Amino acid sequence: MTTASTSLQNLASARDLFALTKPRVMSLVIFTALCGLLAAPGALHPVLGFTAILAISLGAGASAALNQWYEHDIDSVMKRTRSRPLPAGRMDRDTALHFGIGLSFFSVLLMGVAVNWLSAAILAFAIFFYAVVYTIWLKRNTPQNIVIGGAAGAFPPMIGWTAVTGDITVMPILLFAIIFFWTPPHFWALALFVNSDYSKAGVPMMPVVAGRQSTRKQIFGYSLILAICAIAPFALNATGAIYGTAAILLSIFFSALSFRVMVSKTSEPSDMVQEKQLFKFSIFYLFALFAALVADRAILAV
């Protein structure tokens, strides 16, 4: 084997290891964690702040790697996941497992030693929750997989907040609740138009088990709970007008899109315009809401 081909193989391996961390999903995790850190009262040295975000990023990547290690069989069936490193045959399962476990321990240790052990403990629990509770226990056994499992993705802003403060108060709990109740309408909107993938893989996602119309009603119901959670920080005087205005307007639009999904009778994925709009907007919603939180904190601090 030539030196050039060896280098290309190593590069591909590094690329596949990076793909195991689900970088697109991780970007949202990093962003909400950073917003939690920046919005928290007090200050953290920039080096420690960077270290905290790095640890959270590595922990999220570890969770994703362990998820793909366990779900290699499901991923090989589903159209949108079959090109991942494991189902595509570019990596063996042991490599993914060792990578995920090693990254998990390193991320928690880094957070504990460099920042504080409360945030490290929450990070460790978040990794365990996603890799074991959601991936191994919930996902294949209950249509409530996304509802309960959504807690895993709700921890990052809480971890960012506790990295600064060293304690848990009402505000980080509300940030957790926002992502927790955002997760079902976000993922179920996606599940509605990739329903055949989940059905083929035997994953009991809500549209597969309860049907499209029941799922649409639940999407709207969760959007209303999400709106309450999103506006709560402003209603409790924990934030200012910038966040409050953004939360109200974004939540009204989110609920309106959810209502359109609820009343839709479309069964063909290619015709599910409202569902696709809601899925795309839900991502923007979370980014915009947390960005408003940071902007609000910056204005109040001036």
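The values are calculated or read from the model by the stated rules, or taken from the named source; none is laboratory data. All values reported here derive from a predicted model rather than from experimental measurement. Glycine gets a Cβ as well: all are built from the backbone with ideal geometry, and neighbour counts include every protein chain shown. Quick note on the areas: whole protein, heavy atoms, side chains included, nothing else; ligands and nucleic acids left out. Shrake-Rupley method; radii C 1.70, N 1.55, O 1.52, S 1.80 Å.
What the table shows:
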read-out	value
Extreme residue, modelled with the highest pLDDT, among residues of the range 266-280 that are surrounded by 15 or more Cβ atoms within 10 Å (Cβ to Cβ) and over 26 Å from S27 (Cα atoms)	M272
Test: S107 is under 29 Å from L293 (Cα atoms) and at pLDDT 95 or above	yes
Among (1) free of Cβ contacts under 8 Å to residues at least 60 places away in the same chain; (2) under 19 Å from the mean Cα position of the chain (by Cα) - the single one V113 does not satisfy	(2)
Some residue of the range 73-81 being modelled with pLDDT of 90 or more and open to solvent by 40 Å² or more (accessible area, probe 1.4 Å)	no
Tabulated pairs, the range 6-23, first part of a helix (DSSP H, G or I), second open to solvent by 50 Å² or more (accessible area, probe 1.4 Å) and at pLDDT below 90, C-beta under 6 angstrom, 6+ apart or interchain	D16/R90
Boolean, L138 is in contact with a Gly (Cβ under 9 Å, 6 or more places away or on another chain), buried (at least 17 other Cβ atoms within 10 Å of the Cβ), aliphatic (A, V, I, L, M) and without any contact (Cβ under 8 Å) to a residue 24 or more places away in the chain	yes
Verdict on I173 being open to solvent by 30 Å² or more (accessible area, probe 1.4 Å) and free of Cβ contacts under 8 Å to residues at least 12 places away in the same chain	no
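Results for (1) hydrophobic (A, V, I, L, M, F, W, C); (2) surrounded by 15 or more Cβ atoms within 10 Å (Cβ to Cβ); (3) at pLDDT 95 or above, shown as yes or no for each residue.
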site: Q213; (1), (2), (3): no, no, no
site: S223; (1), (2), (3): no, yes, yes
site: Y243; (1), (2), (3): no, yes, yes
site: A246; (1), (2), (3): yes, yes, yes
site: L249; (1), (2), (3): yes, no, yes
site: S264; (1), (2), (3): no, yes, no
site: S282; (1), (2), (3): no, yes, yes
site: R297; (1), (2), (3): no, yes, no
